[in-house]
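Asker: I am attaching a structure below and will ask some questions about it afterwards.
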Amino acid sequence: MDLDDMLEEIGEFGRFQITIYGLVCLPVLFAAANSLSYVFTAGVPNYRCYIPECEDLHSTSYDTPWMKWAIPPDTNANQDSFKPSTCIRYVPKSTTPSNATCSASIFTNSTEKCSEWIFSSDERTIVNDWKITCIENQWKLSLVGSCHFAGIIVGSALFGVLADRFGRKLVFIFCIMLMGISGMAQTICPEYVTFDIMIFVNAMGTAGVYPLAFIIGVEMVGKRRRELTGIVLNYFYAIGEALVALISWLTRDWVMLQLIISAPALLFFVYYWMIPESVRWLLANQKRRKAKHIICKVAKKNKVILSDLVLDTFKEESSLTGIEDDTRIIPVVKEMIESNKLIIRFAIIYFIWAVNAFVYYGLSVNSTSMSGDKYLNFALVSLIEIPGYTLAWVSIRHCGRRFSLVGSLLLCGLTCGLTIWIPPDLAWASMSLFLLGKLGITSAFGIAYVYTAELLPTAVRSGGVGSASTVARVGALLAPFVPLLGIYMKSLPSILFASVAITAGFLALKLPETLGRKLPETAKEATII
């Protein structure tokens, strides 16, 4: 009797599973918050040149009445209101007496770069603390995001292997602790390089929280409830992202933000005594006594009396069905490599995954660069993921995998492209299209997980989805640099997002439909889909 049969008897999603699943979802809120907090931590506050002829460095403010004649306007800003340039000032006249008052008469029309800055008091980021100013240093802010995604790549590979070796629960709790401690350590970093290292370590921990929460949730429920657990977990992730915007708006201080989203995670060490190990992992590793204890506990909580058939399954001489033989993997991979059809198919899939991650994270990061309130923009772009994942869930059940994926990618590409033609004074229209683009790419991301798993042979299904996820993170590495393109051409990020999404959408037409088909067991079966 396999575990799915047992779960039908003791309850596929009973009271016990609901309780544990709720506990498992809570750390995902903090993982989501840590995954995108760098958008505000490494955000660019308002700042301008320090003008010693007109102010004292220790007793001044960002907004002053004489800015217009001391500092040229920012040519990239909205022309309706004056915004000073960040790194250029007017050169003072050489014949200005030392006791002259600050007025337009003491400045020339020539400009020069400045070396000291005055920051707005309504926001504090690492730009303030380490003077990461001017265009030539913007790459340092983008590199923060790339360090994060590099940590995600390493963490995803490392903790996936460790979870298979040492169990889901222990690695899950370790990742939460690593995320919380490294997140707090960011606030005491003395300089930029150490901060980047802590960002990398924090991302490694974050990378293990969501997938292990997903695995623990999916492995403890019956087969008819797996889609539900995956979707609800994504809802928690979207809410966690939106909380970053709320906390940033309330605190306006990157140190406070990082402490609030990291310190509470340390409380989850109590999960060692509260959540059980995955029964599937215990059975696969011949730990039958522990598995039986958990199954009995689940049955008691769900008020179910176990049958003799279930209890007999845990005898030492019994064996469960469905355990894959690792020796099958190498021959299957070899067969797949020898098939040109499968090579082309999975090259397309890997490209789609890379595009999904690039556009998904690119839109999140770029939302703070759009007109309007950046905190509200980011929250809306995060919360739109809830209907996005819901759209994915509904569409793959009724419209099939291929057309759902194609439609989602084209929706993203077309709406991102249309934002180019929206006049600057119609910020609401631009934001609406931007949100539709995020909805589309979120839906495509959700579909890609299911679709990829259904196209792969059983022996390499888990590893294949994992490799696709790794390729996606490589695409995500480039996402933090997209806002830099807006410095040279404001519409360039949208053009890039639209181009790659539409290309991926048309390529997805080459993939076969898998709705209602039996999962392929061999490379030969995968070829004839």
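Asker: I need to check one value: relative contact order of region 116-199, counting alpha carbon pairs closer than 8 Å and at least 6 residues apart, in percent. List each step's numbers first, then the result.
Answerer: Working: 30 pairs, mean separation 23.1, N = 84.
Answer for region 116-199 is 27 percent.
Asker: Could you check what % of the DSSP bridge pairs in the chain are antiparallel, to the nearest 5?
Answerer: Of the beta bridges lying entirely in the chain, close to 90 percent run antiparallel.
Asker: Let me know the charge dipole size of the chain about its Cα centre in debye, to the nearest 20, where only the beta-carbon of Lys, Arg (+1) and Asp, Glu (-1) is charged.
Answerer: About 1020 debye.
Asker: With a 1.4 Å probe and every protein chain left in place, tell me how much accessible area Y210 has, in Å² to the nearest 10.
Answerer: Near enough 50 Å² of accessible area.
Asker: Students sometimes get this wrong: rank W421, W117, W281, W428 by accessible area, probe 1.4 Å, all chains present, largest first.
Answerer: The ordering from most to least exposed comes out as W421, W428, W117, W281.
Asker: Considering only protein heavy atoms and a 1.4 Å probe, what is the carbon-and-sulfur percentage of the accessible area of region 238-309? Mind dumping the intermediate values first?
Answerer: On the way: 2650 of 3940 Å².
Of all accessible area on region 238-309, carbon and sulfur atoms account for 67 percent.
Asker: When the accessible area of region 436-529 is computed with all protein chains present and a 1.4 Å probe, what percentage of it is carbon and sulfur?
Answerer: So the carbon and sulfur contribution to the accessible surface is 72 percent.
Asker: Moving to a separate point now. Using a ≥ b ≥ c from the Cα gyration tensor of region 373-435 (square roots of the eigenvalues), is it rounded, prolate or oblate, where a/c under 1.5 gives rounded and otherwise the larger of a/b and b/c decides, a/b for prolate?
Answerer: It is oblate, given that a/c is not under 1.5 and a/b is not larger than b/c.
Asker: State in Å² the accessible area per residue of region 1-82; use a 1.4 Å probe, count heavy atoms of protein chains only, and round to the nearest integer.
Answerer: Result: 42 Å² per residue.
Asker: What does the accessible area of W69 come to, in Å² to the nearest 10, when a probe of 1.4 Å is used?
Answerer: W69 exposes around 90 Å² with every protein chain in place.
Asker: Can you check what the net charge comes to around V355, using other residues whose Cβ is under 15 Å from the Cβ of V355 (Lys, Arg +1; Asp, Glu -1)?
Answerer: That sum, taken over residues with Cβ under 15 Å, equals +3.
Asker: Hey, any idea what % of region 86-180's accessible area is carbon plus sulfur with a 1.4 Å probe?
Answerer: 58 percent
Asker: Helix-derived [θ] at 222 nm for the chain: sum -39500 (n - 2.57) over DSSP H runs of at least 4, divide by residue count, nearest 500?
Answerer: Values: 24 runs with 337 residues, N = 529.
Using -39500 (n - 2.57) per qualifying helix, the result is -20500 deg cm²/dmol.
Asker: Taking the Cβ of V482 as the center, what net charge do the other residues with Cβ under 15 Å away carry, scoring Lys and Arg +1 and Asp and Glu -1?
Answerer: +2
Asker: With all protein chains present, calculate the accessible area of V298 using a 1.4 Å probe and round the result to the nearest 10 Å².
Answerer: About 10 Å², rounded to the nearest 10.
Asker: How high is the relative contact order of region 1-123? Use alpha-carbon pairs under 8 Å, at least six apart in sequence, and give a whole percent.
Answerer: Computed value for region 1-123: 28 percent relative contact order.
Asker: Determine the shape class of region 164-248: with a ≥ b ≥ c the square roots of the Cα gyration tensor eigenvalues, call it rounded for a/c under 1.5, and otherwise prolate if a/b is greater than b/c, oblate otherwise. Each step should come with its number before you reach the end.
Answerer: Working: a/c = 3.74, a/b = 1.68, b/c = 2.23.
Note, shape of region 164-248 comes out oblate.
Asker: Count charges around I197 for me, please; just the other residues with Cβ under 15 Å from its Cβ, Lys/Arg as +1, Asp/Glu as -1.
Answerer: Net local charge, I197 excluded: -1.
Asker: Check the straight Cα-Cα distances from K131 and name the lysines below 30 Å, setting aside those fewer than 8 residues away within the same chain.
Answerer: Cα-Cα hits under 30 Å: K68, K83, K93, K113, K140, K374, K490.
Asker: How high is the relative contact order of region 41-90, given as a whole-number percent (alpha carbon pairs under 8 Å, six or more residues apart)? The partial results should precede the final answer.
Answerer: Values: 43 pairs, mean separation 20.1, N = 50.
This gives 40 percent for region 41-90.
Asker: Can I ask one more? For the Cα atoms of the chain, what angle does the longest principal axis make with the long axis of helix 15-36, in degrees from 0 to 90, nearest 10?
Answerer: 30 degrees
Asker: So which aspartates and glutamates pass the test for K300, namely a Cα distance under 13 Å, with those fewer than 8 places away in the same chain ruled out?
Answerer: Leaving aside aspartates and glutamates fewer than 8 places away in the same chain, those within reach of K300 are E9.
Asker: So which of K341/K438; K334/K524; K341/K518 end up more than 21 Å apart, counting from Cα to Cα?
Answerer: From K341/K438; K334/K524; K341/K518, over 21 Å: K341/K438.
The values are calculated or read from the model by the stated rules, or taken from the named source; none is laboratory data. Owing to the predicted nature of the structure, the values given are computational and were not obtained by experimental measurement. Neighbour counts are summed over all protein chains in view; Cβ atoms, including those assigned to glycine, are modelled from backbone coordinates with ideal geometry. These accessible areas exclude ligands, DNA and RNA; they are computed on the full protein's heavy atoms, side chains included. Shrake-Rupley method; radii C 1.70, N 1.55, O 1.52, S 1.80 Å.
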